[in-house]
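First the structure, in the form of C-alpha cells, and then the observations on it.
The values are calculated or read from the model by the stated rules, or taken from the named source; none is laboratory data. Every value quoted in this text rests on a predicted model; they were computed, and no experiment measured them. Every residue, glycine as well, gets a Cβ built from its backbone with ideal geometry; the counts of neighbours run over all protein chains shown.
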Amino acid sequence: MKAYLMYLKANGNPPAPGAKLEISLDKAREILRSQLNDEEKKKIRTSLVRWMIGAIEILAKVERDRPGAARLYEKKLISEEYWEGVQECFTETHSTIEEIRAEAEFIETGWGAQIFQQALQLWRVTKIREKQREEETSSSAASATPSN
C-alpha cells in the first residue's frame, strides 16, 4: 500500500494495471519530505520521540527485571514460558527501538542516530521530576502528621 501511495504522490496518476509499484527508498524519502510542511514534520517528530520514550520505559523495566528473572529461571523457580516471555519482550523492545530509529532517519537524515539519546534525556528528566514530586508529597504528608 505504501508503494502505491508513494507512486501516486510522485506521478499524480494511478499506475497501470499490473505495473510494478517499486519505488526507491531515496525517492520515497524525497517525496515524503517535500510533501510535509513544518507543522506536520513537528508532529511526526514529537510522535516518534514519545514512541521512543515509551520503548525506553519498557526497556528500563525489562533490563531491571531480567537479571533477577535469569537467576530465578536457573533455579527453576519460574517457568520456561515466563523466562521466554522476558527474553521476547527484551528482543521486541530492541526491535522497536531500531524501527523508531529507521523512521526517524527516514524523516530527517541523521536524526535516526540522535533520537534515542534525545528521548533518553527526556525520559530521565521525567523520572527525576516524578521522584521530586514523590519526595515533596511524602515530606508534606510527614509534616502534616501531628507528632506526639
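Does residue 126 satisfy being of a type in the set (Ser, Thr, Tyr), in contact with a helix residue (DSSP H, G or I) (Cβ under 7 Å, 6 or more places away or on another chain) and either closer than 20 Å to residue 43 by Cα or part of a helix (DSSP H, G or I) (or both)? In short, no.
Here are some conditions: (1) surrounded by 11 or more Cβ atoms within 10 Å (Cβ to Cβ); (2) modelled with pLDDT of 95 or more. Residue 117 meets all but one. Which one does it not meet? For residue 117, the failing item is (1).
Screening the range 1-99 for helices (runs of 4 or more DSSP H) wholly inside it with 2 or more residues that are under 24 Å from residue 123 (Cβ atoms) and modelled with pLDDT of 95 or more returns the ranges 38-74.
In the range 108-121, the residue that is farthest from the chain's Cα centre (by Cα) out of those that are under 17 Å from residue 43 (Cα atoms) and in a helix (DSSP H, G or I) is 111. In this entry, residue 105 passes the filter for residues that are in the same structural domain as residue 60 (by TED's automatic domain parsing), crowded, with 16+ Cβ neighbours inside 10 Å and closer than 20 Å to residue 41 by Cβ.
In the range 124-140 there is no residue matching the filter, namely being within 15 Å of the chain's Cα centre (by Cα) and touching a residue at least 12 places away in the same chain (Cβ under 8 Å).
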